[in-house]
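Below is one structure; the comments refer to it alone.
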Amino acid sequence: MTDKLNELTAAGVAVWLDDLSRVRLSSGGLDKLRREKHVAGVTTNPTIFAKALSDADEYNWQLHDLAVRGVEVEESVRMLTTYDVRWACDVMRPSYDGSDGVDGRVSIEVDPRLAHESDRTVAEAKALWWLVDRPNLYIKIPATEAGLPAITATLAEGISVNVTLIFGLDRYSAVMEAFLAGLEQAKANGHDLSKIGSVASFFVSRVDSEVDKRLEKVGSDQAKALKGKAAIANAQLAYERYTEVFSSDRWKALAAAGAHPQRPLWASTSTKNPDYRDVIYVEELIAPGTVNTMPESVIHAYADHGETRGDTITGSYDAARKVFADLESVGVDMDDVIVTLEREGVEKFEASWQELLDGVRKSLEAAAKGKGAPNKAAKGNAKAAEKAGGNA
């Protein structure tokens, strides 16, 4: 049988998993995806962690220890999530070593409630970097206005960054500027640029969800004919900007000092509309030097029926610009779409973070009352903790 994910990898797309849980780690599921499905990285977010901690007893022993020690809720969340990410970094280490540090990365997000506070975001990024203590870690920082200087300052410390929640082209350009400035400062600070990595997470399917809703409201045949086209066009034009920035003399000077480019990462790639092909946001966004982070369901779907048709982005720019012009002609304000998506993106992650805090609080309270004592998996997880360098 044709190895479709290998074909995708050969076309220049790094396949990353958009999920993590302790069950996935303890069962060997993540390592299996790395070995058998060409998964070369992992992304997480508050929603993923909230789900992971809400539906598994693998965390009980650590929750028990945290409760006994009287650790506060927010610090407990850090201990629980950094434990999983540290373990995942160790699982992905062969990919990191085999790609000279380009892949094999695992991302952890700063507290989304800090999205509009630059200094606190940098402080949190440094704390997470220290807690996980793995070279193949990415710290996720949102691409808000306050996030931009935080991105530069964090990179200047020699810390690798995954810039998240990018929806618009102008903000993406600002993110690349923040990246270049960060590397220039890192170089001035004496850091080895070859050890610093970064990706820019450009969200895809959410753009179609918002635009399609507006097109449906317009209701004309011309408007409805544009449904399902905005997200791909937006990402294609983002890649055009990427190729321009990373062929500039400014970038070439950094590359000569050992720097790796900040790759565009296509995020939110599961289709929200069942009328669309389930792998459309993979097939239509194939180009060298990109990352596509997918839920496991999309990875398996692509392995089953994905079509790698070579580079599906380069050369599409004029057609993508026409999509934007057509959207404007029917009354869709893309600037307003982007502002709405960024605001909602931060709000959703803040809500998931609060859900995570509430869940851990309840679990700690139950453990303190003896209702969450270590379960039968404790011994096995303790061994995993030793391997991952973790502690409660």
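The values are calculated or read from the model by the stated rules, or taken from the named source; none is laboratory data. Computed from a predicted model, the values in this text were never measured in an experiment. When we count neighbours, we look across all protein chains shown, and the Cβ atoms used for this are built from the backbone with ideal geometry, even at glycine. Side chains are part of the model used for accessible areas, which takes the heavy atoms of the whole protein and leaves out ligands, DNA and RNA. Shrake-Rupley method; radii C 1.70, N 1.55, O 1.52, S 1.80 Å.
Look at residue 240 and say whether it is touching a Leu at 6+ places or on another chain (Cβ under 8 Å), closer than 30 Å to residue 256 by Cβ and at pLDDT 95 or above.
no
Give 216, 210 a once-over and let me know the one that is acidic (Asp, Glu), more than 15 Å from residue 142 (Cα to Cα) and touching a residue at least 40 places away in the same chain (Cβ under 8 Å).
Of 216, 210, the one residue that is acidic (Asp, Glu), more than 15 Å from residue 142 (Cα to Cα) and touching a residue at least 40 places away in the same chain (Cβ under 8 Å) is 210.
Can you tell me which residue within region 340-365, out of those that are more than 20 Å from the chain's Cα centre (by Cα) and hydrophobic (A, V, I, L, M, F, W, C), is farthest from residue 209 (Cα to Cα)?
364
Looking at region 118-150 only, could you name the residues that are open to solvent by 10 Å² or more (accessible area, probe 1.4 Å), part of a helix (DSSP H, G or I) and under 22 Å from residue 74 (Cβ atoms)?
Correct list: 118, 119, 120, 122, 123, 124, 126, 127, 129, 130, 131.
Inside region 216-257, can you point out the residues that are of a type in the set (A, V, I, L, M) and under 27 Å from residue 293 (Cβ atoms)? It would help to see each step written out before you state the result.
Narrowing region 216-257 to residues of a type in the set (A, V, I, L, M): 218, 223, 225-226, 230-233, 235, 237-238, 245, 253-257.
Hits for region 216-257 are 226, 230, 231, 232, 233, 235, 237, 238, 245, 254, 255.
Quick check, is residue 322 part of a loop (DSSP other than H, G, I, E, B) and surrounded by fewer than 18 Cβ atoms within 10 Å (Cβ to Cβ)?
Details: part of a loop (DSSP other than H, G, I, E, B): no; surrounded by fewer than 18 Cβ atoms within 10 Å (Cβ to Cβ): yes.
In short, no.
From the residues in region 1-53 that are among the hydroxyl-bearing types (Ser, Thr, Tyr) and surrounded by fewer than 22 Cβ atoms within 10 Å (Cβ to Cβ), which one is farthest from residue 86 (Cα to Cα)?
The first filter runs over region 1-53 and keeps only residues among the hydroxyl-bearing types (Ser, Thr, Tyr), leaving 2, 9, 21, 26-27, 43-44, 47.
Now drop any that are not surrounded by fewer than 22 Cβ atoms within 10 Å (Cβ to Cβ), which leaves 2, 9, 26-27, 47.
Working: 2: 34, 9: 25, 26: 13, 27: 16, 47: 18 Å.
The qualifying residue farthest from residue 86 (Cα to Cα) is 2.
In region 334-377, which residue that is among the small types (Gly, Ala, Ser) and surrounded by fewer than 16 Cβ atoms within 10 Å (Cβ to Cβ) is modelled with the lowest pLDDT?
373
Can you tell me which of 211, 282 is assigned to a helix (DSSP H, G or I), out of contact with any Lys or Arg (no Cβ under 9 Å at 6 or more places or on another chain) and surrounded by 14 or more Cβ atoms within 10 Å (Cβ to Cβ)? Give the derivation first.
Working: 211 fails: out of contact with any Lys or Arg (no Cβ under 9 Å at 6 or more places or on another chain).
282 is the lone residue from the list that is assigned to a helix (DSSP H, G or I), out of contact with any Lys or Arg (no Cβ under 9 Å at 6 or more places or on another chain) and surrounded by 14 or more Cβ atoms within 10 Å (Cβ to Cβ).
In this structure, does residue 153 turn out to be open to solvent by 30 Å² or more (accessible area, probe 1.4 Å), in a helix (DSSP H, G or I) and under 30 Å from residue 74 (Cβ atoms)?
yes
If you take the residues in region 214-230 that are among the small types (Gly, Ala, Ser) and not in a loop (DSSP other than H, G, I, E, B), which one is surrounded by the most Cβ atoms within 10 Å (Cβ to Cβ)?
230
Residues being within 20 Å of residue 35 (Cα to Cα), among the aliphatic types (A, V, I, L, M) and crowded, with 22+ Cβ neighbours inside 10 Å: count how many of those fall in region 290-316.
4
If a residue must be in contact with a Ser or Thr (Cβ under 6 Å, 6 or more places away or on another chain) and either modelled with pLDDT under 95 or open to solvent by 10 Å² or more (accessible area, probe 1.4 Å) (or both), how many such residues does region 156-171 contain?
Adding up the residues that qualify gives 0.
Among the residues of region 231-247, is any outside any helix (DSSP H, G or I) and more than 14 Å from residue 204 (Cα to Cα)?
yes
Here's a check for you: in region 247-279, which residue that is of a type outside the set (Asp, Glu) and free of Cβ contacts under 8 Å to residues at least 24 places away in the same chain is surrounded by the fewest Cβ atoms within 10 Å (Cβ to Cβ)? Talk me through it step by step, then tell me what you get.
To start, the set of residues in region 247-279 that are of a type outside the set (Asp, Glu) comprises 247-248, 250-274, 276-277, 279.
Retained after the next criterion (residues that are free of Cβ contacts under 8 Å to residues at least 24 places away in the same chain): 247-248, 252-253, 255-256, 274, 277.
On the way: 247: 10, 248: 12, 252: 12, 253: 14, 255: 14, 256: 9, 274: 6, 277: 16.
Once the filter is applied, the top-ranked residue is 274.
Within region 178-205, can you find the residues that are open to solvent by 50 Å² or more (accessible area, probe 1.4 Å) and in contact (Cβ under 8 Å) with a residue 40 or more places away in the chain?
Just the residues of region 178-205 that are open to solvent by 50 Å² or more (accessible area, probe 1.4 Å), to begin with: 184-185, 187-192, 195.
If the condition is that a residue be open to solvent by 50 Å² or more (accessible area, probe 1.4 Å) and in contact (Cβ under 8 Å) with a residue 40 or more places away in the chain, then 184, 187, 192, 195 are the ones that fit.
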